[in-house]
Amino acid sequence: MIDFANIGKYKENNRIEAKLSLGGLPQSIWETYSAFANSLGGIILLGVEEYRDKSLHTVDLPAPEKLIAEFWDIINNQKKTSVNVLSAKDVTIEEVDGNRIIAIRVPRAQRNDKPVYIGDNPMTGSYRRNGEGDYRCTKEEVLAMMRDASYKTQDMLVLEEMDLDVLDKDSIRRYRIRMRTYRPGHVWEELEDSSFLYKLGAAGRGKDGKLHPTAAGLLMFGYEYEIVKEYPNYFLDYQEQLDPRARWTDRIVSSSGDWSGNIYDFYFRVYNRITQDIKVPFSLTDGNRIDDTPVHNALREALANCLINADYYGRQGIVIVKKPDKITFSNPGGFRIDVETAINGGVSDPRNSALIKMFNLVDIGERAGSGIPNIYNVWKKQGWSVPEISESFEPARITLLLEVESISGEEKPAIKTDDKPETSEKPAIKTGDKPEISEKPAIKAGDKPEIKVSNRIIAAQKQTILEYLTRNVSAKSSELAELVGVKSSRIREILNEMVADGIVVTEGSNKNRTYRLKS
């Protein structure tokens, strides 16, 4: 963290604290120890003075060994500090310009050790780092750390004062339709809603033996006005800021009253908005049309991570902002593991494990800590700026910044049907050649080529139609084609499937035909 040979170039900051310590071990060292452990970690330098110009300079400590012995005695006394998060290698004597100083490297504490506090009261003895100083944590911050310290994630709580009627049946229905698409024949498919919600973890049995929503079920499927009874600071906010002359050009908020306001419906409304400018190159794999890209997948991960890892008791809610060249995802709550570990992947410590299960069952999100590394990898392959993750405190928040560009399809060489699939939008076919695969392939008599849209895209398109028909009594196919962004022939195929599945019904005929949700 510090190059001791050039200590003069450093200044105190949120990771470095200098204390002169010529009169012995300073009492303020424990506030800094608590602050570093509860924040991002840091290094405490004893025998270092900060000059008026903020530069650091060493002095020679007369008895550093005695100070270290005193330090260990106090930090291991639970009446003085709640926990010792250091090991022997974290406290060393360094020689700088002939002066002996002490370096105490304080790691970020594990979530089950937080809050790290001094004295016997976490409410008055917990500190965090802010810039060059330490501040006493608010009650809200201490309670947030205590919630995160629990081995049982907070979304598993059964809300016994609520009944299942606080959940939006339309949201549940849309979820079950999507689950049938991605997990056909699942053993829960024929269950009644109440039994399904229990198996899913969206409902649990209270002390009265009756089913009540869990915190995860309320967040996932609840009405916004019911959610805020448990989470007073709950707020979902998506903003498009595409015109510098306007504060925003489009906005979706959970409190608008014209939709459910829960995180499941918010996910699809926002995902459709953040990906609408991404051009999809036409390609085929094993006869299936692929309308998806690694960038789409990365944006799904970013959005899901933001919703799944939020501390919904925290302040300021979820805020997602889309600008012409960047998207930011910001949620309340700090990292439960350090940022570097999260970026490297392989370690998963979710704040809301029940929500992860619910999203995973409909093919959204990752389990094994691979979501963030995948985002970084995709952005690197695109040649875009490295994603930026920042963690702030007071209040605790995580923000992911992604700089984006539209993706346009590149024309690729035409291929023959006996080659591995590569595509050209308008391939040239010579006489005698086998037909090449294009968006409108040439088909020989007797051939039965199958060009399908990927299941993920079909499900997303149907979900968009469902949401639109939920808000509107009926719609013509032309309206829905424009909404989904497909040709009229393709929208008729999608709608015919939804009619066959008993989801949508038709009214009228020919040009006057409209579609509405089945009652």
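Any chance the range 174-188 includes a residue that's under 26 Å from residue 469 (Cα atoms) and of a type in the set (S, T, N, Q)? Yes, there is a match, as at least one residue in the range 174-188 is under 26 Å from residue 469 (Cα atoms) and of a type in the set (S, T, N, Q). Only residues that are more than 35 Å from the chain's Cα centre (by Cα) and closer than 18 Å to residue 72 by Cα were counted in the range 24-59, giving 9.
Among the residues of the range 107-129, those identified as open to solvent by 30 Å² or more (accessible area, probe 1.4 Å), within 17 Å of residue 335 (Cβ to Cβ) and touching a residue at least 40 places away in the same chain (Cβ under 8 Å) are 107, 108, 111, 113.
Of everything listed in (1) surrounded by 13 or more Cβ atoms within 10 Å (Cβ to Cβ); (2) part of a helix (DSSP H, G or I), the single unmet condition for residue 86 is (2). For the range 150-193, the tally of residues that are open to solvent by less than 50 Å² (accessible area, probe 1.4 Å) and touching a strand residue (DSSP E or B) at 6+ places or on another chain (Cβ under 9 Å) stands at 9.
Among the residues of the range 205-231, those identified as touching a Ser or Thr at 6+ places or on another chain (Cβ under 9 Å) and open to solvent by 10 Å² or more (accessible area, probe 1.4 Å) are 211, 223, 224, 225, 228.
So, residue 240, is that one among the charged types (D, E, K, R), under 16 Å from residue 266 (Cβ atoms) and modelled with pLDDT under 95 or not? Taking the combined requirement at face value, the residue satisfies it. Being modelled with pLDDT of 95 or more and more than 24 Å from the chain's Cα centre (by Cα) is true of residue 166. Total residues in the range 243-271 satisfying the condition of being open to solvent by 30 Å² or more (accessible area, probe 1.4 Å) and under 16 Å from the mean Cα position of the chain (by Cα): the figure is 1. Annotation: residue 134 fulfils all but one of (1) touching a residue at least 60 places away in the same chain (Cβ under 8 Å); (2) touching a helix residue (DSSP H, G or I) at 6+ places or on another chain (Cβ under 6 Å); (3) surrounded by fewer than 17 Cβ atoms within 10 Å (Cβ to Cβ); (4) within 19 Å of residue 32 (Cβ to Cβ); the unmet one is (3). Among all positions in the range 469-483, there is no residue which is part of a loop (DSSP other than H, G, I, E, B), surrounded by 18 or more Cβ atoms within 10 Å (Cβ to Cβ), touching a Leu at 6+ places or on another chain (Cβ under 8 Å) and in contact (Cβ under 8 Å) with a residue 40 or more places away in the chain. Assess whether residue 176 counts as being in contact (Cβ under 8 Å) with a residue 24 or more places away in the chain and among the basic types (Lys, Arg). When the stated conditions are applied, residue 176 does not pass them.
The values are calculated or read from the model by the stated rules, or taken from the named source; none is laboratory data. Not measured: the values here are computed from a predicted model. Here the Cβ is made from the backbone with ideal geometry for all residues, glycine too, and neighbour counts use every protein chain on show. Heavy atoms of the whole protein, side chains included, go into the accessibility calculation; ligands, DNA and RNA do not. Shrake-Rupley method; radii C 1.70, N 1.55, O 1.52, S 1.80 Å.
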